[in-house]
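Working notes, structure below.
A short reminder: the numbers here are calculations on the coordinates, not readings from a lab. Everything numeric in this text was worked out from a predicted model, so none of it was measured. FYI the Cβ positions are ideal-geometry reconstructions off the backbone, even for glycines, and counts take in every protein chain you see.
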Amino acid sequence: MAKTKLELYVHIPFCVKKCAYCDFLSAPADAQERTLYIEALTREIRSRKSDYETYQVSTVFLGGGTPSVLETDDIGDIFRALLDSFDIAKDAEITMEVNPGTVTEEKAAAWKKYGVNRLSIGLQSVNDDELKMLGRIHTYKEFLRTWKIVRRAGFENVNIDLISAIPGQTLRSWERTLRTVANLKPEHISAYSLIVEAGTPFYEQYRENAEERGEGSRKHGSTLSSGQDYLPPLPDEDTEREIYKTTEKILAEYGYHRYEISNYAKAGYECRHNLGYWERKEYLGLGLGASSLISECRFHNTNDMEKYLGCYGGAAGDMQSCSQMQSGTTDIREDVECLTVEDRMEEFMFLGLRKMEGISMAEFRAAFGKDIRDVYGEQLRKLSGQGLIEVSDERIRLTERGIDISNYVFSEFLF
């Protein structure tokens, strides 16, 4: 009997320094806190073994935070726990996020030994002034040092993360970043537009205009809270739109095809793990705050480090109290939501439409036993008439105009 496919996400909530735009669950930590967390994380991993014996893991993603800040022994402990607890397919895609300034020859060689076969490097920009503005710990020169290390270590599937619409960024500076990175010939490039999230230093610095617009300002600069520096204005909406359109055009020149709104790959190097999210495959999150989709229920682990360590930390004998927590009212799994058919239909639409190939009407019928036009006929006619989607060959996909206002398109499929 074939096993059910499962994706694993492992969260490492540590970084060297919090970036000014980052709203992820991560923070700097000392060696003792990291050690306690790794001990707790490996216990959580092992505690899941009996629940997932009928699954085979197709992808593993170590994200953060910055997993590469960990010592090689810590990464080794995590992978030993994973291999002992899960049936990981021989051809599994195993990705680890790394940041320049935290990578050494020794670490890269160890990652290869542990089975990591894909890296995602957080560069963001080749412009040192832009990197400083974002609060990154590295320069472009330091990134190049990291790039050479991972290539020499034999990594042949590498993603580079980039961020556009940085304060003061121009179309010309973004083009320079794109072409410089594309000339390095990574297998994958993720190009995200900066979003000014509430609770970040950027949000505090742009608060007045963020409140006016419900998001970060595209008009005005801001003085940092320290009063020592000044942030230039964010690119205006016309510039941001040009940046967006230029990205696909330039990367196509270098042989990258856009397969998702913000992701570009050489043929055969699409990120299998992220495709699983957009295709609603089951995934299990391990570690602080990690999210899961299992048996059509969504949930996440607690974001409270003290609570997490209280469950999985300490001596092995503490696992009994942890087990009681898991089944009782103090379960570290929070916000458990078992999805209705309508919820699943909504997700099928707004997640699937992120892919450039769009969604399949046949897959909708197979999943829900209904023709998509019987459920969303009015929305399909409306959006098609507005030139935001195209319907052909049993598929529905966003048009270029639809990509520009994709959030509006997605909202139309909410019941």
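Shape index of segment 87-170: Rg/Rh, with Rg the Cα radius of gyration and Rh the Kirkwood radius from the inverse mean 1/r over Cα pairs, equals 1.04. With the cut-off at 29 Å, tell me which of the pairs 90/307; 3/185; 17/355; 17/307; 5/148 have Cα atoms farther apart than that. Beyond 29 Å between Cα atoms: 90/307; 3/185; 17/355; 5/148. Sorting 11-17, 355-361 by average packing, meaning the other beta carbons within 10 Å per residue, from highest down gives 11-17, 355-361.
So, with +1 on the Cβ of K and R and -1 on the Cβ of D and E, and no other charges, what is the size of the charge dipole of segment 81-188 about its Cα centre, to the nearest 20 debye?
Values: 16 positive and 15 negative charges, 96 e Å.
Around 460 debye, computed over segment 81-188.
For the chain, what is the percent of antiparallel DSSP beta bridges, rounded to the nearest 5?
Details: 24 of 58 bridges.
Beta bridges within the chain, antiparallel portion: roughly 40 percent.
Peptides 67-75, 264-272, ordered by how many other C-beta atoms sit within 10 Å of their residues on average, highest first, read 67-75, 264-272. Measuring how big the chain is from its alpha-carbon positions, Rg and Dmax come out at 22.0, 64 Å.
What translational D, rounded to a whole number of µm²/s, comes out for segment 265-313 from Stokes-Einstein when the hydrodynamic radius is the Kirkwood one over Cα pairs, at 25 °C and 0.890 mPa s? Write out the running numbers ahead of the final one.
On the way: Rh = 12.5 Å.
Diffusion coefficient, whole number: 196 µm²/s.
Geometric descriptor of segment 344-386, per residue, is 71 Å³ (volume of the convex hull of the Cα atoms). For the peptides 297-306, 54-63, residues were scored by their other Cβ atoms within 10 Å and the scores averaged per peptide; the highest-first order is 54-63, 297-306.
Starting from the Kirkwood radius over alpha-carbon pairs of segment 1-96, derive D by Stokes-Einstein at 4 °C in a medium of 1.567 mPa s and give it in µm² s⁻¹. Translational D for this selection: 91 µm²/s.
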